[in-house]
Amino acid sequence: MTKSAAQILHDIFGYGAFRPGQEEIVDLLASGESALVVMPTGAGKSLCYQIPALLSDRLTVVVSPLVALMDDQVAALRANGVPAVSIHSGLTREEQVANWRAVAAGDCRLLYLSPERLMTQRMLDAIAKLKPALFVVDEAHCISKWGMSFRPEYERLSSLREHFPHAAISGFTATADEATRADIAAKLFRGKGRIIVHGFDRPNLKLAVLPKTEWKTQLLAFLEDKRAEAGIVYCLSRKLTGEVADFLNASGFNAIAYHAGLDAQTRRENQNRFMSENAVTMVATIAFGMGVDKPDIRYVCHMNLPGSMEAYYQEIGRAGRDGLPAETLLLFGLADMAQRRRFIEQDGEDEAHKMREHKRLDALLAYCEAASCRRTTLLAYFDEEASACGNCDNCLDPPKMIDGTRNAQMLLSVIKDTGQMFGGAHIIEVLRGAKTQKILDRGHDRHTGYGAGADYPKEYWQAFIRQAVAGTYISINIQKYGALQITRLGARVAKGEETFWLREIDLSKPARKGKKRKSGQLPVAEGDQDLLAALKTLRLEIAHEKNVPAYVVFPDTTLMEMARERPATLDQMADINGVGPRKLKGFGELFLEAITAQG
């Protein structure tokens, strides 16, 4: 008898019920329809295509951008007794041949490939003979030039419909605005499919943004009440990642560095430590995060400006996936703005693509300098309406807006009189009447604006320029080495035709501190914490032995339920969400022993 989707969910994956939205997508893909699915990070998108694959008697091909992510997904499926394989350059030729033979013989329902490997003529011809039922394009935003991470090799996937006219084609992504969604749907299935968007709102996340002044002081202030919790600190460079990790360790935190410069084994060990140890701070570049199934991440801090609103949303979305309160903080400065602009300008020759990326960055800068509710601003970018949240920095401590037109005209005058050829540091020195050799050599001390802003400290003008850039009154010209230039809106302010509204700059304000959370909000009771730690230690030992990521053995949510429910028999263990028959047989007795040992 053919099993239903709910039976597969329970009998193979060990879950009693679907999460909101999952069943609709499973039914749609199982019926042979094409769909683009936009689901927040942590909403359980993998099951949405793995279950339809198991409901079919034909092959499902999953396209994934990262070898490590493919291997982890395959390992997780095999741990549940599901035959799945990947074929990529990280495997030996013998392993690749053996995996393909399993697929060709019909012994394997799920095949994981990179877009480069799939779109070779040889692979396309070989798969066509197997009459696949479903193609799944993970991280589907990579196919669109409108998306935040366009990859040319992904764009070739737009010909899948011609190669496989009778297969369903689905795309999954956590972040895509309306224009990007329409472009993905047109490329993947010519618009002849459904677009399903699950809400972007994450009300349990507290959002906060601060101008970067003294990052060490600001970071410690943010983490002060979080020493007993796990979180992620994102950095733009490998160098800063190491520096921040060293600083936090010296300050008494359990911090681990993670970036693409570390070898694969070290990265896996560090990831397993993050999954299994309590109160670990993972200091990482964006190389960390995809596929990490840790629900109790209590904070995410950005030490640098992300590349776009989509990237920011995806990264903060790794916090609070258990639904409990979590906090986020973004630190940004002028140097971040200039560096992000430089990255965009160095990204290929496509001028239209560069223009779109600049607009994405503009939206993020506007969010950073917003005076209204941050959640409202963030969701509006993704075409969702929301009322004020009462849980972000602007709602909890509303900024004061004042008329800054006079000082804006002072700033714009100096930018214009110096030829719109200099960066913020030099403009500020002219405004404050400095006597640097650079100013004297160029005669900038003879301009009318020289010294006009001497009543304000350098930090004030740095904050003022950040707001002017975020508000599009001035722009940063990367081709001219970060020169500040006046926009049309800025020109209107200079002529007195427009008011420059300034978020009041108060340099005496200390860095905001997070509110302490009550112990009642912990994911497991205080008396179960020791047992949870013991279960995580056991999981790590098994993961090391099998050379798989810790969450492949059991996700944190399953261990938390074990710690709360304390099953005493295999039948009781089978009722724990995430304990399917294969895992019950392989690990059940070991975890029961650990629970019994804790009393």
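The set of residues in region 453-491 that are more than 19 Å from Asp362 (Cα to Cα), surrounded by 15 or more Cβ atoms within 10 Å (Cβ to Cβ) and out of contact with any helix residue (DSSP H, G or I) (no Cβ under 6 Å at 6 or more places or on another chain) comprises Tyr456, Tyr460. Summed over region 59-68, the residues that are more than 25 Å from the chain's Cα centre (by Cα) and either part of a helix (DSSP H, G or I) or among the β-branched types (Val, Ile, Thr) (or both) give a count of 1. Just one of the listed residues (Ala408, Ala470, Ala494, Ala454) is at pLDDT 90 or above, of a type outside the set (Ser, Thr, Tyr) and within 36 Å of the chain's Cα centre (by Cα), namely Ala408.
Within region 375-404, the residues that satisfy the criterion of being touching a Phe, Trp or Tyr at 6+ places or on another chain (Cβ under 7 Å) and under 20 Å from Pro325 (Cβ atoms) are Leu378, Leu379. Restricting region 164-179 to residues that are surrounded by 17 or more Cβ atoms within 10 Å (Cβ to Cβ) and without any contact (Cβ under 8 Å) to a residue 60 or more places away in the chain leaves a set whose member that is nearest to Asp57 (Cα to Cα) is Ala167. For Tyr551, the conditions (1) part of a helix (DSSP H, G or I); (2) buried (at least 17 other Cβ atoms within 10 Å of the Cβ); (3) without any contact (Cβ under 8 Å) to a residue 60 or more places away in the chain; (4) not hydrophobic (A, V, I, L, M, F, W, C) all hold with the exception of (3).
Residues in region 1-36 that are among the charged types (D, E, K, R) and within 26 Å of the chain's Cα centre (by Cα): Arg19, Glu23, Glu24. Evaluate the following for Leu188: is it in a helix (DSSP H, G or I) and over 21 Å from the mean Cα position of the chain (by Cα)? Answer is yes for this residue. Is it the case that region 48-58 has a residue that's part of a helix (DSSP H, G or I) and modelled with pLDDT under 90? Within region 48-58, none of the residues are part of a helix (DSSP H, G or I) and modelled with pLDDT under 90. Selection within region 348-384: residues that are at pLDDT below 80 and part of a loop (DSSP other than H, G, I, E, B). The member of this set that is surrounded by the fewest Cβ atoms within 10 Å (Cβ to Cβ) is Glu349.
Listed here are the helices (runs of 4 or more DSSP H) enclosed by region 69-149 that have at least 3 residues being within 27 Å of the chain's Cα centre (by Cα) and not basic (Lys, Arg): 115-118.
Only a single criterion out of (1) more than 26 Å from Ala470 (Cβ to Cβ); (2) of a type in the set (Ser, Thr, Tyr); (3) under 20 Å from the mean Cα position of the chain (by Cα) is not satisfied by Thr180, namely (1). Screening Leu36 with (1) over 30 Å from Leu378 (Cα atoms); (2) at pLDDT 95 or above gives one miss only, at (1).
Taking every residue in region 301-322 that is in the same structural domain as Val209 (by TED's automatic domain parsing) and pairing it with any residue that is assigned to a helix (DSSP H, G or I) and basic (Lys, Arg), at least 6 positions away or on another chain, the pairs with Cβ-Cβ distances below 6 Å are Leu305/Arg340; Ser308/Arg360. Summed over region 453-492, residues that are in contact with a Leu (Cβ under 6 Å, 6 or more places away or on another chain) and either part of a loop (DSSP other than H, G, I, E, B) or assigned by TED's automatic domain parsing to the domain that holds Leu361 (or both) total 3.
Looking at region 396-419 only, could you name the residues that are surrounded by 15 or more Cβ atoms within 10 Å (Cβ to Cβ) and touching a Lys or Arg at 6+ places or on another chain (Cβ under 8 Å)? Before you say what the answer is, go through the steps one by one.
To start, the set of residues in region 396-419 that are surrounded by 15 or more Cβ atoms within 10 Å (Cβ to Cβ) comprises 399, 404-405, 407-418.
Matches in region 396-419: Pro399, Thr418.
For region 401-413, the criterion of a residue being part of a helix (DSSP H, G or I) and assigned by TED's automatic domain parsing to the domain that holds Leu329 is satisfied by no position.
For region 213-241, name all the residues that are buried (at least 16 other Cβ atoms within 10 Å of the Cβ), not charged (D, E, K, R) and not in a helix (DSSP H, G or I). Those that are buried (at least 16 other Cβ atoms within 10 Å of the Cβ), not charged (D, E, K, R) and not in a helix (DSSP H, G or I): Ala230, Gly231, Ile232, Val233, Tyr234, Cys235, Leu236.
The values are calculated or read from the model by the stated rules, or taken from the named source; none is laboratory data. All of these numbers come straight from a predicted model, not from anything done at the bench. In this analysis, Cβ positions are derived from the backbone assuming ideal geometry, glycine residues included, and neighbour counts consider all displayed protein chains.
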